[in-house]
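The values are calculated or read from the model by the stated rules, or taken from the named source; none is laboratory data. All of these numbers come straight from a predicted model, not from anything done at the bench. Virtual Cβ from ideal backbone geometry, glycine too; neighbours counted across all protein chains shown.
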Amino acid sequence: MSDSTAPTQPIEVRFRGGGFAPKARRWVGLAVFIFLIGITEVGTRQGWISSLTLPKPSDVLATFGELWESGLLFKHLLPSLSRLAVGAAIGASVGIAVGIMIGLFSYVRAGMVPLVAAIFPIPKIALLPLFVIWFGIDEASKYALIAFGTFTPTVVATYGAVDNVDRSLIRMGQSFGLSWLSIVRKIVLPGAMPGILSGLRISLAIAIILLVAAEMLGAEYGIGAYILEAGSLYDLERLFAGVVILSLLGVILSTIIGFIEHRLLGWRA
Amino acid sequence: MDIRLEAISHSYGDTEVLRDISLDIPNGKIVCFVGPSGCGKSTLLRLIGGLERASKGRILQLGTPPKGCLNPLTYVFQDFALLPWRSVQGNISLVLEDHGIKGTQADTIIADVLARTKLSDFSKALPRQLSGGMKQRVAIARALAVKPAVMLMDEPLSALDSQTRELLMDDLVALWTRQSFTAAYVTHNLAEAVRLGHRIVVLSRRPGEVREIVEIDIPLADRSHGNAKLEQTQKHLWDMMRDEARAADEELLDV
Ligand SMILES: Nc1ncnc2c1ncn2[C@@H]1O[C@H](COP(=O)(O)OP(=O)(O)O)[C@@H](O)[C@H]1O
Ligand SMILES: [Mg+2]
């Protein structure tokens, strides 16, 4: 442009775009797991990780095998899964319903938002004794704890998602004379679905945490009870076997939600 | 069915947006509304369609809507307002479902409106797969599906590039020529107004008042490019709007 300077070598334009667009890289997650477990295995075998710090992954695997063969695995896993399923289903469905009501009705919003804000920060585990008094020492109090813990994050995610539904689409529905119910069912709900599902990811992780807490405080069988027992004996192999089960549970739930997202939200590029 | 506006005024709080507007939208004609931005064109259209209530004045429907009409006053929006999670077909069936039209009856209507808007090959496509012009054609097809008495079109071509706009204008003319429809057509583009309008209502800057109503009696199909009479009309419109637009542009927005 300027002709006052001497001609210089042409410089190729530096690329500075790209990034900020995560893509599916299936095997990386697995590789990270394998790498960390591999390091631990080598370390514990060679002794630069003492056996008091971490158990040998192969021993944990062996413990897992025993658990499987003795049939104890399912004795612990099945009650845990049913508690998780019942509690999370109640909490999430009530949470979604209340969240949608908050999103749609001014009075519900005015009444519920402060209430939700007030109960959100309560560590739900602290309320377990209360639930035991209300619902008894059996399953019901565990359901209640898990449901309550899943409820609050689901509500917050849901009404945020409803708020974010494109108003011009709702206006369109009204202008074509759609009924209120149709607008909610066909416009508001699908529009809020991305936000609801990403809220559900968080809610379900919280549900697993609460499941274990509830089982630690009073259950004969269940992953939480198993971990507690192992912990009190300082049996690290069994402790880790229990923890691995929880992690797997988390991964499986997250995969399921990913699958649902793929099915329901295929319309997003 | 005609629409009559009787002394419509409208304010948002202290902001007077429209003042004393009286006019007719006759059956089978396209009435264009032009005016500087912010003069209340979109507001007027919302009032006509019953999405908002006018502060003063009345809006009347004269005569009965045509037979089989499901939604007499039907919008075509500037931003298309298509549900991104429904296919082209699904977006049209959305507005039929509530009237209990399902199955083959719905399929017939959908096939007909898609053919009229030249979209038959795209009935399964999702909105994100379509170009802007095609999205707006879907929105027009959806409006046609409910057999409206009056179409309320708020800058339907403003989100499109100029070539697409030309093509879509031709499509609208062809659509109207085949089967005339009634429309209130808001635009800020004078070329669009003289191409599509049987009657052009010029609004002043806010508060919007009717400055002039221009009738163009050349049939839509004969309004080719470079028609001297049309260019003259367009120039006349622009002369009228220039000062309004400049003044409107220089107003401080304190809303
Ligand atoms: N819902 C609303 N509340 C308050 N002011 C509004 C509202 N809608 C529009 N306005 C104001 O009314 C005026 C006219 O708006 P609009 O009808 O959108 O103009 P146009 O479509 O002609 O550009 C603008 O000044 C705008 O700020
Ligand atoms: Mg507007």
Residue check for residue A:162: touching a helix residue (DSSP H, G or I) at 6+ places or on another chain (Cβ under 8 Å) and more than 25 Å from residue A:84 (Cβ to Cβ): yes
Residues of segment B:72-81 satisfying the condition of being assigned to a loop (DSSP other than H, G, I, E, B) and surrounded by 21 or more Cβ atoms within 10 Å (Cβ to Cβ): B:77, B:80, B:81
Answer from A:105, A:148 - the residue that is more than 14 Å from chain B (Cβ to nearest Cβ) and surrounded by fewer than 19 Cβ atoms within 10 Å (Cβ to Cβ): A:105
Residue ID - surrounded by the fewest Cβ atoms within 10 Å (Cβ to Cβ), chosen from residues in segment B:36-54 that are more than 10 Å from ligand 1 (Cβ to nearest atom) and not hydrophobic (A, V, I, L, M, F, W, C): B:53
Scope segment B:40-59; condition farther than 20 Å from residue B:199 by Cβ and either within 11 Å of ligand 2 (Cβ to nearest atom) or not hydroxyl-bearing (Ser, Thr, Tyr) (or both); matching residues: B:46, B:50, B:51, B:52, B:53, B:54, B:56, B:58
Matching entry among B:23, B:62 (being surrounded by fewer than 14 Cβ atoms within 10 Å (Cβ to Cβ) and away from ligand 2 (no atom under 16 Å from the Cβ)): B:62
Test: residue in segment B:68-85 that is closer than 30 Å to residue B:120 by Cβ, away from ligand 2 (no atom under 16 Å from the Cβ), aromatic (Phe, Trp, Tyr) and within 14 Å of chain A (Cβ to nearest Cβ): yes
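Conditions (1) part of a helix (DSSP H, G or I); (2) farther than 15 Å from residue B:76 by Cβ, marked per residue:
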residue: B:158; (1), (2): no, no
residue: B:165; (1), (2): yes, no
residue: B:171; (1), (2): yes, no
residue: B:185; (1), (2): no, no
residue: B:195; (1), (2): yes, yes
residue: B:201; (1), (2): no, yes
residue: B:206; (1), (2): no, yes
residue: B:212; (1), (2): no, yes
residue: B:218; (1), (2): no, yes
Residue within segment A:42-50 that is at pLDDT 90 or above, of a type in the set (D, E, K, R) and loosely packed, with under 11 Cβ neighbours inside 10 Å present: no
Some residue of segment B:56-65 being within 14 Å of chain A (Cβ to nearest Cβ) and either within 16 Å of ligand 1 (Cβ to nearest atom) or part of a loop (DSSP other than H, G, I, E, B) (or both): yes
Odd one out for residue B:37, checked against (1) under 19 Å from the mean Cα position of the chain (by Cα); (2) away from ligand 2 (no atom under 16 Å from the Cβ); (3) at pLDDT below 90: (2)
Verdict on residue B:179 being farther than 20 Å from residue B:23 by Cβ and at pLDDT 90 or above: no
Within segment B:142-156, considering residues that are assigned to a loop (DSSP other than H, G, I, E, B) and touching a strand residue (DSSP E or B) at 6+ places or on another chain (Cβ under 7 Å), the one nearest to ligand 1 (Cβ to nearest atom): B:155
Residue that is surrounded by the most Cβ atoms within 10 Å (Cβ to Cβ), among those in segment B:126-141 that are in a loop (DSSP other than H, G, I, E, B) and within 13 Å of chain A (Cβ to nearest Cβ): B:126
